[in-house]
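**Q** Submitted below is the structure of interest, expressed as structure tokens.
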Amino acid sequence: MMKSLLLLSSSFPVFISRSPPKPPNLLPSSKNNTTFRKLSLLITNNSKQDDDQCVDFQLIPQSGDVQVGDTHADKLEDDELTQVNLNKVPYNIVFVTSEASPYSKTGGLGDVCGSLPIALAARGHRVMVVSPRYLCGDERFAGTVNLDSPTKVYCAGGVQEVDFFHEYRKGVDWVFVDHPCYRRPGNPYGDIYGAFGDNQFRFTLLCHAACEAPLVLPLGGFTYGQNCLFLANDWHAGLVPVLLAAKYRPHGIYKDARSIIVIHNIAHQGVEAASTYCNLGLPWEWYGALEWIFPTWARTHALDTGQAVNILKGAIVTADRILTVSEGYAWEITTPEGGYGLHELLTSREFVVNGITNGIDITEWDPSSDEHISSHYTADDLSGKMECKIALQKELGLPIRPDCPLIGFIGRLDYQKGIDVILSAAPALLQDDVQFVMLGSGERQYEEWMRATEAAFNSKYRGWVGFNVAIAHRITAGCDILLMPSRFEPCGLNQLYAMRYGTVPVVHGTGGLKETVKTFNPYAEGEDEGTGWAFSPLTRECMLEAVRVAIKTYREHKTSWEGLMRRGMERDCSWDNVALEYEQVFQWAFMDPPYIIN
Ligand code: ADP
């Protein structure tokens, strides 16, 4: 996920309808007129559709049928989920995201937006995913076709024309927004020189285009229409709920639509100078929804007023509901430590905040059929896992030692992932008879440390700098232990992949890691015996102690170790049940009227 300004604010950024710091740069009146003409045209053209929406609404269960959750701490109980199933209403769902695997991926967001839409489509919903078409001509987009539907959107002080490409795959309409600003080398957010300077523009464009897509694209012969449910993922899609509230609903468009902001990582909020507000294509009186004031200590000089715009804040203020990717994280973001300045705002809306733990794509991540690994295995026959370990040692040029505990790490080389803790613990860890492999890219200092450590501990350590999905699969399959000392982790996927591959996770007990990894308890029985180790607090000593207990268990308690592997492999981590939980939240979103700010 991209780096953006990390924000800490001691003052609660109150939403008030007040003007930007300098006289607002109103859109030229001719452009406003054009926008409004276009909107009124849509109103006229969609009157039939509005009637349809009324019919749809009668299908939604009355409020007595399904219990409405009133706090973020609500757990979706089994009987509630069964009820959701019985009262199932197919929705028109529009995911808006900066990445969707396999088309684009830098982290968990890509995984989630690549597989949850498929799970929801399989349950009968009509699902569209809108994402940028990065790097024209890239083979990952080879199956997409130009819909020949050039569309004008109004932002950044002018008219922008975008094209839409489309592929219907696994029951989902994958829609890609094409514009020159997405066609450049690097990852979705930046290149070797850092984050792209025009990211605010690139993702503003995505949001405007995504709001038009359901209205203008006749996918399979029919548009999605206005009665949609938008799932806006992270700040990159955060303008979608704001646009619904500020640009569309006041003109009668999308008045029955709903929006949910899904927060995968609150540390990234899309914050830019207040003077950029005029580029967002929003009416000036909505400035307060995005207004963000830096605390005094964070300002750069005496004349700096600290005024900024914060896109994620705008989404939290305007979305109908707020979702995060685990229950623990739903609570964490309402605390000063976890909310990155947005905790008070989130607390004020906590009755619409829920957390749903991510699932994983069990077809892509399946040790019995994974195309990236050398041998296949199952919980009933683990012999192939040893072959994967030997193959990995061979590939990495490490001594081939089936009995030596092989520890792995996969992830962004970022402070969030606790790389600094690994750095301080590695010399002590590597004194032991272990092997350690790390795959990651990110901060240059950490990449250099990996290279230096490989030189210093050549028979024990390998550092693979880069982003490589096939190697990630092979490390997941070949290692005995996966280390994840994340400082905070909204959900975390690597520990889920690890468990599915019989690789035992040792994690910092935070957010989604705490929720998904149960610490081994040799005195308990069955499921309660655990699936790994979750240590806390996040210190070098604590992490070393947990890893050493894991190594000792691996060496001296083979039966317990096999139990750990099996329980991890047998966990239900598919998207099917998760999709059911999402449906419950969708129902809640439609049972309440669209959220209107007073
Ligand atoms: P985050 O989204 O914070 O980066 P997650 O654990 O939620 O972390 O998801 C990370 C995803 O990115 C996983 O699918 C992981 O395998 C993948 N990943 C991370 N770094 C790499 C890398 N260097 N090479 C290949 N895959 C990677």
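**Q** Ignoring ligands and nucleic acids, what accessible area does Asp380 show with a 1.4 Å probe (Å², nearest 10)?
**A** Accessible area, nearest 10 Å²: 140 Å².
**Q** OK, next. Post the alpha-carbon centroid distance, the range 434-497 to the range 249-294, in whole angstrom.
**A** 37 Å
**Q** For the range 221-288, what does the alpha-carbon gyration tensor say about shape, rounded, prolate or oblate, given a ≥ b ≥ c as the root eigenvalues, a/c under 1.5 as rounded, and a/b over b/c as prolate?
**A** Judged from the Cα gyration tensor, the range 221-288 comes out oblate (a/c at least 1.5, b/c at or above a/b).
**Q** Could you look at the range 402-544 and say what percent of its accessible area is carbon and sulfur, using a 1.4 Å probe and all protein chains?
**A** About 51 percent, which is the carbon plus sulfur part of the accessible surface.
**Q** Of all chymotrypsin sites (Phe, Trp or Tyr not before Pro) in the range 498-577, which ones are in loop regions per DSSP and have a Cβ with at most 15 other Cβ atoms within 10 Å?
**A** Those satisfying the criteria are Tyr523.
**Q** Expected output is a single nm value to one decimal: the length gained when fully extending between Trp297 and Asp148, i.e. 0.36 nm times separation in residues minus the C-alpha distance. What is it?
**A** 48.6 nm
**Q** Taking the simple approach of a point 7 Å from Cα along Cα-to-Cβ for both Ser368 and Trp284, what is their distance in nm?
**A** Here the modelled spin labels are 6.4 nm apart.
**Q** I would also like to ask the following. List residues of the range 154-183, by number, whose backbone nitrogen lies under 12 Å from a label position 7 Å along Cα→C-beta of Leu135.
**A** Residues passing the 12 Å test: 183.
**Q** Under a 1.4 Å probe, what is the accessible area of the range 359-484 per residue, stated in Å²?
**A** 39 Å²
**Q** Moving on to the next point. Please give the charge dipole size of the range 383-572, origin at the Cα centre, charges +1 on K and R Cβ atoms and -1 on D and E Cβ atoms. Round to the nearest 20 debye.
**A** 340 debye
**Q** From the cross-link list Lys417/Lys558; Lys105/Lys313; Lys417/Lys514; Lys247/Lys313; Lys152/Lys247, which pairs have alpha carbons spaced over 19 Å apart?
**A** Beyond 19 Å between Cα atoms: Lys417/Lys558; Lys105/Lys313.
**Q** Towards the positive end of the charge dipole of the range 383-572, with charges on Cβ (+1 Lys, Arg; -1 Asp, Glu), say which of Gln416, Cys479, Ala456 has the farthest Cα.
**A** Ala456
**Q** For a Förster distance of 35 Å, can you work out the FRET efficiency between the beta-carbons of Arg349 and Ala452, rounded to the nearest 0.05?
**A** The pair Arg349/Ala452 has a calculated efficiency of 0.15.
**Q** I'd like the FRET efficiency for Ala195 and Ala524, computed as 1/(1 + (r/R0)^6) with the beta carbon distance as r and R0 of 56 Å, rounded to 0.05.
**A** The formula returns an efficiency of 0.75 here.
**Q** When a/c reaches 1.5 or more, the comparison of a/b and b/c decides; with that in mind, is the range 498-598 rounded, prolate or oblate per its Cα gyration tensor?
**A** prolate
**Q** R0 = 51 Å: FRET efficiency of Gln431 with Ala379, Cβ-based, nearest 0.05?
**A** 0.95
**Q** Accessible area per residue, 1.4 Å probe, Å², for the range 154-235: what's the number?
**A** 33 Å²
**Q** What Rg and what Dmax come out for the range 383-572 when only alpha-carbon atoms are used, in angstroms?
**A** 15.1, 45
**Q** Shape verdict for the range 108-253, please, from the Cα gyration tensor: rounded (a/c under 1.5), prolate (a/b greater than b/c) or oblate.
**A** Rounded, since a/c falls under 1.5.
**Q** Now a separate question. Quick one: what does P(r) look like for the range 294-354 with 5 Å bins over all Cα pairs, in whole %?
**A** In order of increasing distance, the bins hold 4, 17, 23, 22, 13, 10, 7, 3, 0 percent.
The values are calculated or read from the model by the stated rules, or taken from the named source; none is laboratory data. Since the model is a prediction, treat every value here as computed from it, not as a measurement. Here Cβ is always computed from backbone atoms with ideal geometry, including for glycine, and neighbour counts include all displayed protein chains. Note: areas computed on protein heavy atoms with side chains; ligands, DNA, RNA excluded. Shrake-Rupley method; radii C 1.70, N 1.55, O 1.52, S 1.80 Å.
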